[in-house]
Each structure stands twice: as structure tokens, then as C-alpha cells.
1. Can you name every residue in segment 1-29 that is closer than 18 Å to residue 166 by Cβ and at pLDDT below 80?
2. May I ask you to say which residue of 118, 128, 124, 140 is touching a residue at least 60 places away in the same chain (Cβ under 8 Å), part of a helix (DSSP H, G or I) and closer than 28 Å to residue 244 by Cβ?
3. Out of the residues in segment 410-426 that are within 26 Å of the chain's Cα centre (by Cα) and part of a helix (DSSP H, G or I), state the one that is farthest from residue 311 (Cα to Cα).
4. All but one of (1) in a loop (DSSP other than H, G, I, E, B); (2) surrounded by 19 or more Cβ atoms within 10 Å (Cβ to Cβ) hold for residue 358; state the number of the condition that does not hold.
5. Go over the candidates 72, 36, 96 one by one and state the one that is part of a helix (DSSP H, G or I) and within 19 Å of the chain's Cα centre (by Cα).
6. Go through the residues of segment 371-394 one by one and say whether even a single one is closer than 30 Å to residue 277 by Cα and within 18 Å of the chain's Cα centre (by Cα).
7. Please go through segment 143-162 and give me each residue that is outside any helix (DSSP H, G or I) and surrounded by 18 or more Cβ atoms within 10 Å (Cβ to Cβ), ordered by number.
8. With the structure loaded, tell me whether residue 31 is in a helix (DSSP H, G or I) and surrounded by fewer than 16 Cβ atoms within 10 Å (Cβ to Cβ) or whether it fails that test.
């Protein structure tokens, strides 16, 4: 019979394999969508849509109470009463988000001088309402690390949204194609999560004990998410006042490409390592340090090294894939990859602290990052223009290092060797990328 360590290792390997494979296919779909849509639509459409998504993402993060992480880490995460209470809260939250998007639409249109935002934001906000009805089976499958079920479903939803967006853009080019495709994708998610995933059939339920548990954990997630929004979307909020929509659209392309890599890192941590750490903490807390050490080595080898190498190829990739209107995104992508490298390491520490029931470290690190962004971007723009803004964003993880290191040290989970090894792998990756680029060119 397999030991718990062997069993967990097998789950992590299988989960990582499914996650990486799924993310790879997902990014191919996303890249195809980007290449097609940038030829069907003008940069202005992406600039306007980036402001719409900033508003919706902000509302979502400002109301995040961590229902998914709570289901994954709570001992009652498989209890139907707990799940149905979480689902009821999720539906209520979705309705509130849509109402808030309607309320914010006109003020946002006035601030940015874009009347179309008054219609686009409420329409796109319907996606939050639709998502609210999605099944908790999605989170339950993550809790049990059943990625074989989740990954194909995620890809199916993405393909439906992709086809809808491209067809809409082809038949009626404009920013409404991006909104319409998103709504159809949201509807596909809500329907398939109920129809194709096993588990509790959700219905409205309110159990006071479950609600107290959800809110007790969620208050820290709420604070963390609120500041996460400000720190990750503050650049687009501020740039929307400094540059025209075409320039904002080009910057958004660079951010999308960098987040394609960053998204894989975060997905592995939140989707695979977070449930794995949760399982260890629930069953064998004394093994956590050794599990983290093995995970960090895998991150250095399979994430830090290749991403550091790919950093050297930013301009080459953009020039190859996009027409001349978007070529300025190349140097931006290279700089933004610095943030990706830092996130690859730091998000692991954040996941560890959250699973240990210490989400307050996430709050503090996000506050520090928010101060960096909101203070740094006006400074960068004033003295160095758009280049200064990009560098401020790329280095935005610097203030979070001390916060997370303190938290890890207090739980005896900080290793100087792990951090030094990551620096060495980063340097090796940059040298490898430079050599490959020299040979290719």
C-alpha cells in the first residue's frame, strides 16, 4: 500500500501534469484568439476593454471572501450544508457585483471621457451574475485534486468563448465582440459546472455555523483581494488617464503575454500545491517543510530557469506574432517578465501561509505592493514616461519579499539556500536565453 508521502507525491505530479498540459492548450487558444482579434479589431478596442475589465475585476476582488479556498482547506469542505451555504453566498455576491457594475458605469464613462463605457460595463457585468450560479463542484474537485475532470472542462468553456468572440468580431467588428464572447463563456461555465461535474447538487441553504466559518476565514481574503486589485490593476487605471486608448491597448497586449506565463505559475500553486499543502497540514503537519523544499526545487528547475531564458525573447516573439502596430509591446514584455520570475517564488510562500491559516500576510503584502504601484506609477510617468511605468510594475513584488519572509521564518519554513538557489537558476536562465538568441539571430 502506498505511503501518504508517496500518495501525495503522485497526486501532485499528476495534478501538475494535467495543469501544465491544460494551461499549454489554454494559452495556445488564447494566443490564437489574440492573433485573430488583433487583425479583426483596432488597438483602441483592447484599450477600452481593458478599462471595462479593470472595473469588473476590481468589483470581483473587492467582494472576494475566499469561498473557493475555504472549501479546499476547511474540514467541512465536503459537507453538503457547508457547500450549499457557500453557493448561496456566491449567488448573492454575483447579484451584488452586477448591481455595482451598473452603478459605476456612468461615473467611469465621465472620468475617462468614454460614453460607451456606460453601456459596456453593465453588459460585461452580467458575467459576474452568471458566474455566481456556477456549481461548488468546481472547488470540491480541486479540493480532491481531481484535475482529470477539471482541465478538459476548463478548455471546453474557453473554446466556446473563443469561438463566440471570433465569430462576433468577424461579423460585427468592435469592442462588443469582446463583451459578447465573455458572456457566452460565462454561461458555458455555469451550465457545464452543474451538468458535467459530480458532487453536491447545489440549492439555496443557510447554515449559521458554516456561514460563520466562511466569513471568519473570508474577512482576511477580502482584505487581501481588495489590495490585490489595486496593486495588479492600478497600472491600467492610472495609464487610462495618461495615454490614449491605442497605447493602452498595446500595453495590455504586453501584460496579457506576460500574464500567460504568470498564469501558469499561479495556477500550479493555487490549483495543485495549495490543495497539496492543505492535505499535508490536515494530516501530517510535520512534513510540510520537506514538501515545500521539494516543491521549490521543482519551481526553480521547471519555472524559474525557462522563464529567465524566455525573458530574452520578448521583442522577438512580439515582432514575429503581431503586426507593426503592436511591436512596442516587445520591450514591455521583456521587462514585465521580471515580475513573473518573482511571482513564481513568492506565491509559493503565500500559499503556505494561507493554508496554515495566516492569510493576514497576504493582506500586508498586498498593501505594500499597492503603495508601491500607486506611488511609483505617477513618479515613473513624470520622470521617465511609459518606460518608467513599465519598470515600476515589473519591480512591484520587491516590497512583498520582506513580508513573506517574516511569515515563513515565524513558521520555521524559510531557507536561505532555497532563495540563493533561485537566484542562481535565474542567472543561468538569462545566460541560456542570451546564448540561444545569439545563435538564432
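The values are calculated or read from the model by the stated rules, or taken from the named source; none is laboratory data. Please read these numbers as outputs of a predicted model, since none were measured by experiment. Methodologically, a virtual Cβ is constructed for each residue, glycine included, from the backbone with ideal geometry; neighbour enumeration extends over all protein chains shown.
1. Scanning segment 1-29 gives a single hit, 27.
2. One residue alone meets the criteria, 124.
3. Checked segment 410-426; the qualifying residue farthest from residue 311 (Cα to Cα) is 418.
4. Of everything listed in (1) in a loop (DSSP other than H, G, I, E, B); (2) surrounded by 19 or more Cβ atoms within 10 Å (Cβ to Cβ), residue 358 misses just condition (2).
5. The conditions single out 72.
6. Yes, some residue in segment 371-394 is closer than 30 Å to residue 277 by Cα and within 18 Å of the chain's Cα centre (by Cα).
7. 145, 146
8. So residue 31 fits the description; yes.
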